[in-house]
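The values are calculated or read from the model by the stated rules, or taken from the named source; none is laboratory data. These numbers come from a predicted model, not from an experiment. Heads up, the Cβs are rebuilt from the backbone with ideal geometry, glycines too, and the neighbour counts pull from every protein chain shown. Remember, those area values only see protein heavy atoms, side chains included, never the ligands or the DNA or RNA. Shrake-Rupley method; radii C 1.70, N 1.55, O 1.52, S 1.80 Å.
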Amino acid sequence: MITNHDIVPTHLVVKAMRDNGYKNAAYAIAELMDNSIQAGATRVELLCAEKTELAKQRQRTRIHQIALLDNGCGMTPETLLMALQFGNGTRLAPEQQTGIGRFGMGLPNSSISQARRVEVWSWQNGVENAFYTYLDIDEIERSELRYVPIPEHKQIPEIWLREGKSFEKTGTLVVWSNLDRCQWRTAQTIIANSEMLIGRMYRFFLAEGKVTIRSHGFDINQKKLASDMSEERIALPNDPLYLMANTSCPEPFNNNPMFQQWGDVFEYKIHYNGDAHSVYLRFAYAKEEARQKDNAGNLLYGKHAANNVGVSIVRADRELDLDAGWIINYDPTERWWGAEIHFPPALDEIFGVTNNKQSARYFSEMAKMDIEVLIKDYGDSYVNMVEQMNADEDPRIPLIEIAKKIKQNISTMREHLKNQTVGLRTKKRYGNDDQSTAQKATEVTKKRIDDGYKGESDKQEETQTPEKRVEEIKLELVEQGKLESVAQELAAQTVGRGLKYQITQSYMSGSPAFFDVKSRGGAVMITLNINHPAYNHLIEVLEQDPSGINEDELRERLDKARQGLELLLMSWARYEDEEPMGNRRDRVQQARWDWGRYARQFLGDDDE
């Protein structure tokens, strides 16, 4: 006789759900914390119980159970029953999805991703009145458990009452046992690996004092209060933009922000399902004092920043992901900028928020999207592309606009940060060289002044006080992106030594020139454009430290510099050749002759 069967057997479904994509135990734990915060908890505790075992005649301590305790509003038996059902919950309607929860998958999904058994106690009128239910993978696989057991009154085990500090009139306790998929084996490693992630995910809640998160590890076999000898920490905010004070960043930036905001906060309005929703972008970059040391990246705060690289995707004040798709993986300076996008749950479908709240996949795809290629797919211009995508009701349009803004700001911050580093190199290069080219050029210039030739810089030197001159030079260097302290020192050095010239390097974005010339504070400021190919061929190749290289490598460098000079001369020759015969060509030739006469004097040939 043929009987009806489930389309998919329950035990097979649950087995597949165990592979639900949580990156590690810390992300699964965070899912439980979401539920606690959504339930109005002001105190949340991660409790890690270890147990001493005998293995191969040796005692070892291993994680035995993981629990999460909160003082939230607690659950009724009906709500508790739904909380352990996959895909069920109390906030499934779109109008109710305004907080950090989503889809009703969190508690069971996160739990079985790490453990074979999850037990839940929840109470609304004192711990002694707690209701209890559970899920057990072994019982499900044996087809002994097909439904979530009806919640019943059950006393909370003494070990949790002893170790937890947040048992109040209302609350919830979730306990994971039989941790067959937890990759970390001790309380210390679980807490250490969770600390930075939890601090980053909930940084806004922690910074505003909305919630306190305590992590506590102990030995379950101890008869006395295990907290006397255990691992215990209170989570501090971990801000990847480093704009917050009192964070987990090491000294000297633990109490003061290490970065400063880049530009304004950008707001985008996205119209979706009949409503307008705001999306915010923030950017930040390192303060000069964070980069003054040559080895800043190897200091504790530099290493901290290296673990916070990417674009922070924040939904309802809770970070989903620190998306590294926007960074240059091999560049250590990426740690010195930060970017954040903040959007409401109403835009989950637009951003592609996953069930486990670990990413926003549609937004993340924008990091690698080539806008120019997309434009070609739709026509010949960005405007035409947008018009056609609007006609097709393509949901990617607002994300493309946002991604474009993010990439533009990241690119500009990168150049600014490189200019900071250039400032440090410039300081080293021109620091104490009394026989520098600037000194020699200054001597030649003084002779020309004595002969009656004056430039704009000479007029400034005559009319401005030394203090004013230092300030003008400093401001120009800071505008180029130099560290303020470096700019101050170089400016004071230039004025103090009576130098007429200052050569610096900068990323002159969008400029076709190899160098720029400005008169500031009585000095002629020459800025070499690092973006220009001539810089790499002539300057950078000769500035590299020659120590430790062999003769062939040195010869190769010199040959590259020679080729660079020849190509520069050829480019000028072509420039003259393409000028039409007449006044224009005559002016170009005259400029070459005049420059040649100046070069004779500055290079030391006084025959003329």
Inset, instruction - Mind counting the residues in the stretch 504-530 that are within 31 Å of the chain's Cα centre (by Cα), crowded, with 16+ Cβ neighbours inside 10 Å and of a type outside the set (Phe, Trp, Tyr)? - result: 8
Inset, instruction - Residue by residue through the stretch 550-608, note down the ones that are polar (S, T, N, Q), more than 48 Å from the chain's Cα centre (by Cα) and over 19 Å from ALA441 (Cβ atoms). - result: ASN583, GLN589, GLN590
Inset, instruction - Tally the residues that are of a type in the set (Lys, Arg), farther than 16 Å from VAL44 by Cα and modelled with pLDDT of 95 or more, restricting the search to the stretch 154-209. - result: 1
Legend entry - Output for the stretch 315-333, where each listed residue is touching a helix residue (DSSP H, G or I) at 6+ places or on another chain (Cβ under 8 Å) and not in a loop (DSSP other than H, G, I, E, B): ARG315, ARG318, GLU319, ASP321, LEU322, ASP323, GLY325, TRP326, PRO332, THR333
Inset, instruction - Mind checking which strands (runs of 3 or more DSSP E) fall wholly inside the stretch 194-309 and carry at least 3 residues that are closer than 18 Å to HIS342 by Cβ and touching an Asp or Glu at 6+ places or on another chain (Cβ under 9 Å)? - result: 275-286
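A quick yes/no check of all residues on (1) at pLDDT 80 or above; (2) more than 27 Å from GLN589 (Cβ to Cβ); (3) of a type in the set (Gly, Ala, Ser):
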position	(1), (2), (3)
GLY510	no, yes, yes
ALA513	yes, no, yes
GLY522	yes, yes, yes
PRO533	yes, no, no
ASP545	no, yes, no
MET570	yes, no, no
Inset, instruction - Give the stretch 552-602 a look and list any residue that's of a type in the set (A, V, I, L, M, F, W, C), open to solvent by 60 Å² or more (accessible area, probe 1.4 Å) and either in contact (Cβ under 8 Å) with a residue 12 or more places away in the chain or in contact with a helix residue (DSSP H, G or I) (Cβ under 9 Å, 6 or more places away or on another chain) (or both), or say none. - result: LEU558, LEU565, LEU567, TRP572
Legend entry - Candidates PRO240, PRO252, PRO257, filtered to the one that is in contact with a Lys or Arg (Cβ under 7 Å, 6 or more places away or on another chain) and either at pLDDT 95 or above or under 26 Å from ALA296 (Cβ atoms) (or both): PRO240
Inset, instruction - Could you grab me the full set of residues in the stretch 139-160 that are surrounded by 11 or more Cβ atoms within 10 Å (Cβ to Cβ) and aromatic (Phe, Trp, Tyr)? - result: TRP160
Inset, instruction - With the checklist (1) buried (at least 18 other Cβ atoms within 10 Å of the Cβ); (2) of a type in the set (Val, Ile, Thr); (3) without any contact (Cβ under 8 Å) to a residue 24 or more places away in the chain in hand, flag the one item THR465 doesn't pass. - result: (1)
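Given ILE100, ILE2, which one is modelled with pLDDT under 90, surrounded by 18 or more Cβ atoms within 10 Å (Cβ to Cβ) and hydrophobic (A, V, I, L, M, F, W, C)?
The match here is ILE100.
Going through the stretch 275-299 one residue at a time, which ones are exposed (fewer than 13 other Cβ atoms within 10 Å of the Cβ) and either within 23 Å of ALA403 (Cα to Cα) or aliphatic (A, V, I, L, M) (or both)? Spell out how you get there, then give the answer.
Initially, the stretch 275-299 is screened for residues exposed (fewer than 13 other Cβ atoms within 10 Å of the Cβ), giving 275-276, 278, 293-295, 298.
Those that are exposed (fewer than 13 other Cβ atoms within 10 Å of the Cβ) and either within 23 Å of ALA403 (Cα to Cα) or aliphatic (A, V, I, L, M) (or both): ASP275, ALA276, SER278.
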Legend entry - Pair list, Cβ < 8 Å and 6+ apart or interchain, from the stretch 374-388 residues that are among the hydroxyl-bearing types (Ser, Thr, Tyr) to residues that are surrounded by 10 or more Cβ atoms within 10 Å (Cβ to Cβ): TYR378/ASN384; TYR378/MET385; TYR378/GLN388; TYR378/MET389; SER381/ILE375; TYR382/ILE371; TYR382/ILE375
Legend entry - Number of the exception - ASN109 against (1) among the polar types (S, T, N, Q); (2) modelled with pLDDT of 95 or more; (3) under 41 Å from the mean Cα position of the chain (by Cα): (2)
Inset, instruction - For PHE351, indicate whether it is touching a Lys or Arg at 6+ places or on another chain (Cβ under 9 Å), open to solvent by less than 30 Å² (accessible area, probe 1.4 Å) and either among the hydrophobic types (A, V, I, L, M, F, W, C) or farther than 30 Å from ASP34 by Cβ (or both). - result: yes
Legend entry - Number of the condition not met by ILE270 [criteria: (1) aliphatic (A, V, I, L, M); (2) in contact with a helix residue (DSSP H, G or I) (Cβ under 8 Å, 6 or more places away or on another chain); (3) closer than 25 Å to LYS23 by Cβ]: (3)
Inset, instruction - Filter the stretch 356-414 down to the residues that are closer than 30 Å to ASP19 by Cα and in a loop (DSSP other than H, G, I, E, B), then identify the one that is modelled with the lowest pLDDT. - result: PRO395
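One line per residue, one yes/no per condition, for (1) under 30 Å from SER143 (Cβ atoms); (2) more than 28 Å from the chain's Cα centre (by Cα); (3) at pLDDT below 95:
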{"residue": "ALA41", "(1), (2), (3)": "no, yes, no"}
{"residue": "LYS56", "(1), (2), (3)": "no, yes, yes"}
{"residue": "ARG62", "(1), (2), (3)": "no, yes, yes"}
{"residue": "ASN88", "(1), (2), (3)": "yes, yes, yes"}
